[in-house]
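What follows is calculated from the coordinates using simple rules that are stated; it is not laboratory data. Note that this is a predicted model, so its numbers are computed, not measured. No Cβ is skipped: glycine too gets one built from the backbone with ideal geometry, and neighbour counts run over all protein chains shown.
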Amino acid sequence: MGENLKVVRHATCTFCGCVCDDMDLTVDVEQKRITKAENACILGKAWFREHGIEQRPFALIGGREATTEEGVEEAAQILARARFPLIYGLSDTTCEAQRVAVSMADMLGGTIDTTTSVCHGPSGIAFQGVGESTASLGEIKNRADMVVFWGGNPAEAHPRLFSRYAVTPKGMYIPNGRKDRTVVLVDVRRTLSTPVADIFVQVKPRSDFEVLWALRALVKGRKVDPSIERRTGVSLAVLEDLVARMKSCRFGAFLFGMGLTMNRGRHFNSGALLALATDLNEFTHWVAKPVRGHGNVTGADNVVSWQTGFPFGVNFSRGYPRFNPGEFTSVDLLVRGDADAALIIASDPAANFPRAAIDHLRKIPVILLDPSETYTSQIARVVFTTATYGIHAPGV
Ligand code: SF4
């Protein structure tokens, strides 16, 4: 190995919600780049390749280079002048940074919202209403002998979820790995993830709630009419077989994606699945977990909940936290033209918000903290180039 190459073992990939912590990275110290990421999947490899140390100014005001002091002063003035500021993003940064962002929203009397409001927001609402019987991915790896993927395509979105946590790995109580697990996949269509399943259940689009409610009824020993098949595309025999397996496994895990939540029914769907997990706990142990996209979006939910009592879309303008999705969620705030300044942290709303929300962002002063140049950096008044969490900066 060349003198300028250094190997860092057991590093963490913070690209997706799997947060794999077994990366062996080769770093070219001179070039300030990661040249090899052993154990990373194709997405992780791209993540490490793209995050070297950029030769970009730390602070920009109006697109022009500024000193740190000037950048901080300008940003502080914007926030101090604002009457209804929005703080948004947080899913690609550390819990420490998220905590500071919450205290800023509190101090400013503003709104804090995370990318959850545009992805697993319905699940966040369902957690508030139904609760969550949950587990870490490590527990699922070591204990789950039945895994049900619902409304997601991990083979493409979370490539190591199958191999490292939920399908093939051997675990403490799963000594034979794949052979010891029953894997079920529920979706409206076949995807690259389908071949991994022992049982594929194809539901008609927009009928997840009815399938889940029928499963709940069967778990509780109620009668379900065979006409359920006409409505959902899933026969009563298949549902009965699933329930028998669910009740007789030792440790079951539902891993659900946005195919369930961003669908007719939304938080009712997530709530039905969480309630099914609760029902099954009368017979054996079941957990339910959303499969999350960003590396620390789960951290964002947890920190905002821990600090305010609510997971996202929280407003402090009355001096205490109020949670109201649809009112205090970023897209809604921006489309209505309510926010008069925005602090965006490690996310790129200008790339994925609806046009009307982006149009309003263009009209108000935006402060951006991000490691990379993004669409949002093009419309931001003040831009700070920050460290990439897990690569240049440590944290939880
Ligand atoms: S599965 Fe996710 S966390 Fe793991 S290496 Fe791939 S991108 Fe990184």
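General observations
- Förster radius 35 Å - calculated FRET efficiency between Tyr173 and Arg49 (Cβ-Cβ, nearest 0.05): 0.40
- The amide H of Ala66, built 1.01 Å from its N in the peptide plane, has Ala59, Leu60, Ile61 as neighbours under 5 Å, considering only residues 5 or more places off or on other chains.
- Rg/Rh ratio calculated on Cα atoms of segment 286-386 (Kirkwood radius): 0.99
- Folded to 0 to 90 degrees: helix 208-219 orientation relative to the chain principal axis, Cα: 50 degrees
- For the peptides 15-23, 364-372, the ranking by packing is 364-372, 15-23, with the highest mean count of neighbouring Cβ atoms within 10 Å listed first.
- Among beta bridges identified by DSSP and lying wholly in the chain, the antiparallel ones come to about 35 percent.
- Sorting the segments 285-293, 123-131 by their residues' average number of neighbouring beta-carbon atoms within 10 angstrom, most packed first, yields 285-293, 123-131.
- Gyration tensor (alpha-carbon) shape descriptor, segment 163-251, a/c threshold 1.5: oblate
- Length released on extending from Asp359 to Asp28, taking residue separation times 0.36 nm less the Cα-Cα span: 115.0 nm
- Estimated purely from DSSP H runs of n ≥ 4, each contributing -39500 (n - 2.57), the mean residue ellipticity at 222 nm for the chain is -10000 deg cm²/dmol once divided by its residues.
- Counting every other Cβ atom within 10 Å of each residue's Cβ, Ile78, Ile42, Ile345 order from fewest to most as Ile42, Ile78, Ile345.
- When Rg and Dmax are taken over the Cα atoms of segment 96-153, they come to 16.1, 48 Å.
- The Kirkwood hydrodynamic radius of the chain, based on inverse pair distances between different Cα atoms, is 22.5 Å.
- Counting every alpha-carbon pair across segment 46-90, the share separated by more than 13 Å comes to 68%.
- When its C-alpha radius of gyration is set against 2.2 N^0.38 Å (N residues), segment 12-70 gives a value of 1.45.
- Neighbour counts of other Cβ atoms within 10 Å put Thr115, Thr385 in the fewest-to-most order Thr385, Thr115.
- Between segment 79-110 and segment 212-257, the Cα center-to-center distance that results, in Å: 43 Å
- Translational diffusion of segment 23-142, µm² s⁻¹ [Kirkwood Rh, Cα pairs; Stokes-Einstein; 37 °C; 0.692 mPa s]: 177 µm²/s
- Cβ-based exposure ranking for Phe312, Phe48, Phe353, in which fewest neighbours within 10 Å come first: Phe353, Phe48, Phe312
- In segment 180-328, the convex hull through the Cα atoms has an average projected area of 10.8 nm², a quarter of its surface area.
- Rounded Å value of the spacing that divides the Cα centres of segment 138-202 and segment 341-374: 36 Å
- All lysines inside 18 Å of Lys45 as judged from Cα atoms, apart from same-chain residues fewer than 8 positions distant: Lys6, Lys32, Lys36
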